[in-house]
Amino acid sequence: MEPIVVNVDHLKDWSPDSWRRKPAAQQPTYPDQAAVERVRRELGHLPPLVTSWEIETLRSQLADATRGERFLLQGGDCSESFADCESGVIAAKLKILLQMSLALVHAGKKRVIRVGRLAGQYAKPRSSDVETKEGVTLPAYRGDMVNRLNFTPEDRVPNPELLLRAYERSGLTINFVRSLIDGGFADLHHPEYWELGFVEKSPLAIEYTRMVKSIGDAIRFMEVLAGTSLGQINRVDFFTSHEGLILDYEEGQTRHPPRRSGWYNLATHFPWIGNRTRALDGAHIEYFRGIHNPIAVKVGGAISSDELLALCDVLNPENEAGRLTLIHRFGADKIQQQFPPLLDAVRKAGKVVLWCCDPMHGNTETTNNGFKTRRFEKILSELEQSFRILSEGGSHLGGVHFELTGDNVTECIGGACGVREADLSQAYRTQVDPRLNYEQALEMALLLARLMDPQTKA
Ligand code: PEP
Ligand code: CO
């Protein structure tokens, strides 16, 4: 095997810890820095969760998506919780992502890249460092990797041991996902493995069942023609992603694999930079510019065209397809005004990026009775507008990014299952942002599929 050589001249002054020289937003204040250092070293000794080979496969698939030959489906919890690291919850999440991808493949006639927001999505940016309840002020909850949700001083003090617990839970999660996939859970001969009970009552069941039958017929037809079983269909690729927020955690698993010319974050395939930590001179950009993983940046309305182009320069100086995904998240009411000038600037500057729509984070609102929620029709509207704006701007929508769960929660309003504002309290379980439930997510995929279907567009 030949070593893979890439140009790393611009990285001469970079090291996995060079981010420490820059201002790092959204980091916990640990009471004991020596303990953090110990944990970081221990993280560095543990076996990696993913390999550079898998990461390179994903990068090349994302390059295909940049050229319009594949479509990225990224989704999962806003914030994973340690308590939800259990087989039923993980299998349900995998099932809904597989079912959604089936709908997209079927309609879009393109291969879909499946990426979970999982096995590491344990840290959250917060608008304030502290939270006050009934006169008591404690550190804000920053995700299970940092502290605990319970409002007591013991639970809220950031504890570096939780970085290790997060790594272990990520390992357990990825192990289970890999076993399910290797064991044939994702076999397209048997999409019935992925059926989830409560959708049977849904008006979407008929559309979904029809689609599954048509895929089954197509596979059997191809197998008759080929005179053999289509082995490839037994397997799908599945990748992991999380927001690379807590830099001690990310640095811990940043390795220089043998026979590679660069550094990789081996805790996940596809880390992203959040909208609140993308400051050009900040620690997150410094860390991310040096790793060879494909990376993404969340892009919200407050960014200027110059800033966005500068981000593309720093993060993807070679302008390589597959390296950089821009996950835009403006909100259904703002995208028409905010997106076209940015898109135009990126196109005119010749920057090669994959555009992926996150229709969740610009559409969060709080109800009168205090629930953070999102409306199904706003989410769909932002997706529809993204398709149109990108195609009018001479580009194309290359992917979608959802907060969802395979469970029957009531966190987002609307959809065919008819969750109303008054229903939110029934099963509101998210630790941070509201997620589409199983049925809403599947419905969203079927509607998205219509937007992607070349025949609907014709
Ligand atoms: C998120 O993806 O959960 C998130 C915090 O998003 P953003 O950085 O876009 O606000
Ligand atoms: Co979120």
Test result for Ala92, modelled with pLDDT of 95 or more, part of a helix (DSSP H, G or I) and either over 13 Å from the mean Cα position of the chain (by Cα) or within 15 Å of ligand 2 (Cβ to nearest atom) (or both):
no
Scan the range 261-273 and give yes if some residue there is in a loop (DSSP other than H, G, I, E, B) and over 19 Å from Thr57 (Cα atoms), otherwise no.
no
Leading residue by the ranking (modelled with the lowest pLDDT) among those in the range 420-439 that are within 14 Å of ligand 1 (Cβ to nearest atom) and part of a loop (DSSP other than H, G, I, E, B):
Gln431
Return yes when Asp13 is within 24 Å of Val353 (Cβ to Cβ), not hydroxyl-bearing (Ser, Thr, Tyr) and not in a strand (DSSP E or B) and no when it is not.
no
Which residue is most open to solvent (accessible area, probe 1.4 Å), if the candidates are limited to the range 105-129 and must be assigned to a loop (DSSP other than H, G, I, E, B) and within 13 Å of ligand 2 (Cβ to nearest atom)?
Ser127
Any residue at all in the range 284-301 that is within 16 Å of Ser170 (Cβ to Cβ) and either in contact with a Phe, Trp or Tyr (Cβ under 9 Å, 6 or more places away or on another chain) or of a type outside the set (Lys, Arg) (or both)?
yes
Open to solvent by 20 Å² or more (accessible area, probe 1.4 Å) and more than 30 Å from Asp407 (Cα to Cα): is that true of Ala63 in this structure?
no
Taking the range 366-415 and keeping residues under 22 Å from the mean Cα position of the chain (by Cα), surrounded by fewer than 18 Cβ atoms within 10 Å (Cβ to Cβ) and within 16 Å of ligand 1 (Cβ to nearest atom) leaves Lys372
Positions within the range 268-311 being out of contact with any Gly (no Cβ under 7 Å at 6 or more places or on another chain), open to solvent by 10 Å² or more (accessible area, probe 1.4 Å), within 16 Å of ligand 2 (Cβ to nearest atom) and farther than 13 Å from Leu324 by Cβ, in sequence order
Arg276
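The values are calculated or read from the model by the stated rules, or taken from the named source; none is laboratory data. Computed from a predicted structure; not experimentally measured. Don't worry about glycine lacking a Cβ; one is built from the backbone with ideal geometry, like all the others, and counts go over all protein chains shown. In case anyone asks, the SASA skips ligands and DNA or RNA and just uses the protein heavy atoms, side chains included. Shrake-Rupley method; radii C 1.70, N 1.55, O 1.52, S 1.80 Å.
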